[in-house]
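Notes for the one structure printed next.
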Amino acid sequence: MGSKLKGAGLVALGAVAGVAVSMQFSALAQKPADASIPTEELRQLASVYGLIKSDYVERVDDRKLLNDAISGMVGALDPHSAYLDQRAYKELREGTAGKFTGLGIEIGQGDEGAIRIVAPIEDSPAWRAGIKAGDLITRIDGVPLQGLAVDDAIKRMRGEPHTKVTLTIVRADEPQPLTFTIAREEVVQKSVKGRIVEPGYAWVRVSQFQEPTVDDLAAKLAQLHKQDPELKGVVLDLRNDPGGLLQGAIGVAAAFLPREAQIVSTNGQLADSRQEYYARPEYYQLKGDADPLARVPEQFKRVPLVVLVNTGSASASEIVAGALQDYQRAIIMGSQTFGKGSVQTIRPLLNDTAVKLTTARYYTPKGRSIQALGIKPDVPVDETADGGEVLRVREADLVRHLANDKVHEAATSHASAAAEARLAAAERRRKPLEYGAADDFQLVQALNQLKGLPVTLAR
C-alpha cells in the first residue's frame, strides 16, 4: 500500500509560476486502449491535421501540431489536467523538492484573458517587489495575455536565474496599470515555520506541502516542545496554502491524530484510485528512512488545536483541515476554503514529457467530498479587524470544474460591482498582512479560542 503511494500522487491547486504544484507521480502501467476507439473521429482528426499541413498560410512544425493537439485534448477535461512538455515536467519535479527558478507566484485564470495572482510566495522575488494576491497580470514583457493559455504565460515568466521579466499589473482601484520588473531567482521555499507566540501557545505555519514538509514539521514541533514543554495550545496556520504532495498532507495530519486514524480516501475509475490512507509511516514517508514523526512528542496528539484557513487554502490543506475537523481534533477557524477535492496523477510519457491527469476525487474520513465546496470553518472569522475580506477565485468559479459527486453544488455568489469596488478600495488602504505578526487578527482570535476568551466572529 505504501509503495503505491510513494510511486504516485499529487493534489494540486492550479497553475503555478515559479512554485511547485501538489500531486502524485505515478509509475502505474497504463491501461490498454479501449477497443471501441471511434475510428471516424480519428480520421477526422487526421483530415484536419492534413488540411493544416497543406493549406495553412505558413508551414507548421509537425511536433508543434501534435503537442498542441495533446494539450488541447487534456486541457479541455478540467482546470487541473494538463500536458507537460519537457520544460514544464522538469519544473514540476523541481518544485515539489521545494526549490525552483522563477518569480515565486501562484497564479490562476483571471477575467478576460488576464492571469490572477492567487498569492506570492513569502520572501520570493515577486513578494519583495510588492506583488499582491488579487493582482491581475495583463502583459508579460509587453506581450498582451489575451488569448494566451495559462501554461504559455507560465513559460514566459520562467527563465534562467538573474534574468529579468516585466509584468504589467492591474490592481483594484489603482487608476493606472502598474509595471514591475523582477529578476528571476532560484526560490527556496521553507514550507514550515513556527514560534512560541506567548508562554504556553505556539504558532506553526505550513505554506505548502513539499517533500521536506513532514521532516520540517517534526523538527519544528520538537523544537517548540523543547522551548516550552508545557504548551497549552497550538495554532496550525494553513492560510493561502495552495496544496502539495499528498504524502505531506497525510504526515501533517498524522502528527496530531492517532496512528491508525484514516486521513483521506480517494475514488476514481481505476482500482488504484480507490484507496484509503492512514496516519502510518508507510503512507507519508517518501524515503526508506526512520519515521520522521517518531521525534514528535506525544503531547501534540492531545494539545488543544486551532487550524486557520481561508479561501486560498486548497487541496492538501483541505485534506488536513477536513481530517482534523471530522475527528473533532481541532477547531477550524477562518473562511471557507478553495474547494479543490480532486487528485492529479503524473503519468510519464516518452521524451521526458508527462500528462497531469485528474484521476480521483478525495474524501474526508467521514466521506465528505470537498470538491467545489471546500471546508466550512467551525468558527468563521474575518481576515481583518474591520471585517474586510479579499476577493479570491474559488474552485467553483473555474470553467469546466469537476462537480461534487456527493451533494448538489450551489451556484457561486459573486459580489456586485459596487461591492467589489468597496472591497478593492478597502484592500488598497490596508497594509499587507504578515501571517504570525502581532497584528494578525485571525491569529489573535485563534489564541482567544484556545484561552477560552471571546472571539470576534465574522460580520
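The values are calculated or read from the model by the stated rules, or taken from the named source; none is laboratory data. The structure presented is a predicted model; accordingly, all values stated were derived computationally and were not measured. Here the Cβ is made from the backbone with ideal geometry for all residues, glycine too, and neighbour counts use every protein chain on show. Side chains are part of the model used for accessible areas, which takes the heavy atoms of the whole protein and leaves out ligands, DNA and RNA. Shrake-Rupley method; radii C 1.70, N 1.55, O 1.52, S 1.80 Å.
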> Within the range 170-191, how many residues turn out to be in contact with a Leu (Cβ under 6 Å, 6 or more places away or on another chain) and at pLDDT 95 or above?
Replying inline: 2
>> For a quick check of your reading: which helices (runs of 4 or more DSSP H) sit entirely within the range 42-143 and have at least 3 residues that are farther than 30 Å from V192 by Cβ?
In response: 62-75
>> All but one of (1) touching a residue at least 40 places away in the same chain (Cβ under 8 Å); (2) in the same structural domain as A290 (by the TED database); (3) touching a helix residue (DSSP H, G or I) at 6+ places or on another chain (Cβ under 6 Å); (4) farther than 24 Å from T364 by Cα hold for I196; state the number of the condition that does not hold.
In response: (1)
>> Residues to consider are D382, D352, D378; find the one that is open to solvent by 20 Å² or more (accessible area, probe 1.4 Å) and touching a Gly at 6+ places or on another chain (Cβ under 7 Å).
In response: D382
> Since I107 meets every condition but one in (1) among the hydrophobic types (A, V, I, L, M, F, W, C); (2) at pLDDT 90 or above; (3) in the same structural domain as A153 (by the TED database), which condition does it not meet?
Replying inline: (2)
>> Among the residues in the range 219-241, are any farther than 20 Å from G436 by Cβ and open to solvent by 30 Å² or more (accessible area, probe 1.4 Å)?
In response: yes
> Among the residues of the range 189-211, which ones are open to solvent by 60 Å² or more (accessible area, probe 1.4 Å) and not acidic (D, E)?
Replying inline: K190, K193, R195, P199
> So which residues in the range 163-188 are among the acidic types (D, E) and either crowded, with 19+ Cβ neighbours inside 10 Å or within 24 Å of the chain's Cα centre (by Cα) (or both), if there are any at all?
Replying inline: E185, E186
>> Just the residues that are outside any helix (DSSP H, G or I) and either of a type in the set (V, I, T) or open to solvent by 30 Å² or more (accessible area, probe 1.4 Å) (or both), please, taken from the range 316-334.
In response: Y327, Q328, R329, I331, I332
> Looking only at residues in the range 281-301 that are without any contact (Cβ under 8 Å) to a residue 40 or more places away in the chain and of a type in the set (D, E, K, R), which one is least open to solvent (accessible area, probe 1.4 Å)?
Replying inline: D291
> Looking at the range 251-264, which of its residues are closer than 16 Å to A321 by Cα and open to solvent by 20 Å² or more (accessible area, probe 1.4 Å)?
Replying inline: P258, Q262
>> Looking at the range 144-167 only, could you name the residues that are among the acidic types (D, E) and either touching a residue at least 24 places away in the same chain (Cβ under 8 Å) or in contact with a His (Cβ under 6 Å, 6 or more places away or on another chain) (or both)?
In response: D151, E160
>> Here is a list: V170, V118. Which entry is closer than 30 Å to S313 by Cβ, touching a residue at least 60 places away in the same chain (Cβ under 8 Å) and among the hydrophobic types (A, V, I, L, M, F, W, C)?
In response: V118
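Only residues that are in a loop (DSSP other than H, G, I, E, B) and closer than 19 Å to D215 by Cβ: list them for the range 272-315, please. Can you show your working first?
Applying the first criterion (in a loop (DSSP other than H, G, I, E, B)) to the range 272-315 yields 274, 279-280, 285-291, 296-297, 302-304, 310-315.
Matches in the range 272-315: A279, R280, Q285, L286, K287, G288, D289, A290, D291, V296, P297.
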> Has the range 242-251 got at least one residue that is among the small types (G, A, S), assigned to a strand (DSSP E or B) and either under 17 Å from the mean Cα position of the chain (by Cα) or not assigned by the TED database to the domain that holds Q445 (or both)?
Replying inline: yes
